[in-house]
Amino acid sequence: MATKHPQARPANPRFSSGPCAKIPTFSLDLLADAPLGRSHRAKIGKDKLKAAIETTRDILGIPADYKIGIVPASDTGAVEMAMWSLLGARKATMVAWESFGSGWVTDVVKQLKIDADVKTADYGQIVDFAEIDFDTDVVFTWNGTTSGVRVPNGDAIPAGREGLTICDATSAAFAMDLPWDKLDVTTFSWQKVMGGEAAHGMIVLSPRAVERLESYTPAWPLPKIFRMTKGGKLIDGIFTGATINTPSMLAVEDYLVALEWAQKIGGLPKLIERSTTNAKVLWDFCDRNDWIANLAEDEATRSNTSVCLKFTDDRIKDGAAFAKAVAKKLEDYNVAYDVGAYRDAPAGLRVWCGATIEASDVEALTLWLKWAFEECIAEQ
């Protein structure tokens with residue numbers, strides 16, 4: 001017999017892990033100041049781009065001597081730019097515990113053919129950073145968007161390292177406290193924690209990374225959109241608003257609106273607090289129910305943005321089919337969109353809990369999740 005579903009639905013059912021939910025106050029009217037039909041190289045365009053860069057610096061606490069650039073192709077473009085431009089000067093170490101990190105391994109080992117150690121961990125686990133040689137160039141994700149597992153802190157990264165650290169922080173920036181002194185290259189996109197539009201990425205370079213760029217020329221040709229130097233010198237304009245290729249000024253305006261919202265609510269501490277509060281709703285839900293669990297095995301490494309869940313009930317006959325059925329039921333009832341696990345990840349759910357999500361919506365989701373689970377168990 002079908003069980004009666006909860007009455008209250010989340011006010012916003014958008015729990016996608018990218019593009020993520022817009023800021024709670026979002027309205028298209030907020031984008032009215034976008035300089036549409038104007039060149040991004042005109043003063044108004046450059047001013048907007050520079051404002052996006054410097055407001056990012058202010059909110060994230062990025063040191064004044066670090067360079068911040070807006071680059072094409074979202075976080076993927078930023079990571080590729082870093083790897084193709086900086087790797088090859090010394091041995092590399094590739095660290096992966098989920099699908100995107102595994103993708104960077106493929107690029108470095110099979111495409112660039114760089115001498116590299118590869119260290120991996122299964123979904124739900126993390127590589128022990130104490131075993132990594134940081135005198136090599138180390139590439140890793142801070143937060144595994146598809147595994148719900150994050151680096152707890154940067155303590156294992158030595159200050160006196162010889163190599164560079166290249167960190168894909170796309171689902172960590174604005175929701176986790178990143179140790180900038182331990183990160184030489186950091187990348188992220190607007191579409192995650194800030195709920196911005198897709199296609200644009202950010203790259204943050206430490207002075208050590210800039211020194212490498214200006215002293216090392218890769219053995220392979222670089223596509224134009226990856227080139228950050230000219231004549232052995234950094235193209236400084238990239239990091240003051242003169243982008244490599246044409247950005248969407250509508251997307252820039254959208255990002256500026258999100259940054260303004262972040263400042264108004266209290267900056268990075270409040271963004272972290274909101275994300276953690278949202279995630280804790282799901283963590284506590286798992287603690288109260290023995291048929292569902294966090295994919296992250298260690299509490300210290302649980303993500304507070306991309307929370308990945310697995311079903312653990314012995315009555316489930318086909319884990320993948322069951323998880324898809326639950327996700328479909330939640331979507332059919334307009335309760336939660338796009339919460340199925342990533343295609344390469346273990347069967348389960350993935351619920352975005354970044355700062356643009358409201359805790360009340362996550363609370364409402366948990367009631368429906370319990371209902372959907374019971375419905376799908378009965379329908380097997």
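The values are calculated or read from the model by the stated rules, or taken from the named source; none is laboratory data. Quick caveat: nothing in here was measured; it's all calculated off a predicted structure. FYI the Cβ positions are ideal-geometry reconstructions off the backbone, even for glycines, and counts take in every protein chain you see. Accessible surface is based on the protein model in full, side chains and every heavy atom, while ligands, DNA and RNA are left aside. Shrake-Rupley method; radii C 1.70, N 1.55, O 1.52, S 1.80 Å.
Odds and ends about this structure:
- Summarising the label geometry, the points placed 7 Å from Cα in the beta-carbon direction at residue 3 and residue 315 lie 0.9 nm from one another.
- Pairwise label distance in nanometres, residue 65 with residue 90, each label 7 Å out on the Cα-Cβ vector: 1.8
- Magnitude of the charge dipole, region 243-380, Cβ model with Lys/Arg +1 and Asp/Glu -1, debye to 20: 120
- Given R0 = 41 Å, the distance between the Cβ atoms of residue 50 and residue 216 translates into a calculated FRET efficiency of 0.90.
- Along region 250-266 the Karplus relation, 6.51 cos²θ - 1.76 cosθ + 1.60 evaluated at θ = phi - 60°, assigns HN-Hα couplings of 5, 5, 4, 4, 4, 5, 4, 4, 5, 5, 5, 4, 4, 5, 5, 7, x Hz to successive residues, with x for each Gly and Pro.
- Expressed as a fraction of 2.2 N^0.38 Å, the value expected for a compact globular protein of N residues, the C-alpha radius of gyration of region 25-86 is 1.36.
- With 26 Å as the limit on Cα-Cα distance, the pairs of 22/264; 270/310; 192/310; 50/270; 50/230; 22/48 that go past it are 270/310.
- Its Cα gyration tensor gives the chain an equivalent ellipsoid; the semi-axes, largest first and in whole Å, are 36, 26, 17.
- Three-way shape call for region 1-153 based on the alpha-carbon gyration tensor, with the a/c threshold at 1.5: oblate
- Within the accessible area of the chain (1.4 Å probe), percent carbon and sulfur: 50
- Nitroxide proxy distance, nm - points 7 Å out along Cα→Cβ at residue 208 and residue 331: 4.3
- Net length gained if the chain between residue 11 and residue 36 were fully extended (0.36 nm per residue, minus Cα distance): 5.8 nm
- FRET E, pair residue 130, residue 287, Förster distance 30 Å, beta-carbon r, rounded to 0.05: 0.55
- For the pair region 124-170 and region 235-275, the centres of their Cα atoms are 25 angstrom apart.
- Multiplying the residue separation of residue 264 and residue 236 by 0.36 nm and removing their Cα-Cα distance gives an extension gain of 7.0 nm.
- Test item: Cα-centred dipole of the chain, Lys/Arg +1 and Asp/Glu -1 on Cβ, debye: 1180
- Relative contact order (%) - the chain, alpha-carbon pairs under 8 angstrom, separation at least six: 26
- Ordering 84-96, 182-194, 301-313, 61-73 by mean Cβ neighbour count within 10 Å, with the highest value first, yields 182-194, 301-313, 84-96, 61-73.
- Taking a ≥ b ≥ c as the square roots of the eigenvalues of the Cα gyration tensor, an a/c ratio of 1.5 or more together with a/b no larger than b/c marks region 136-243 as oblate.
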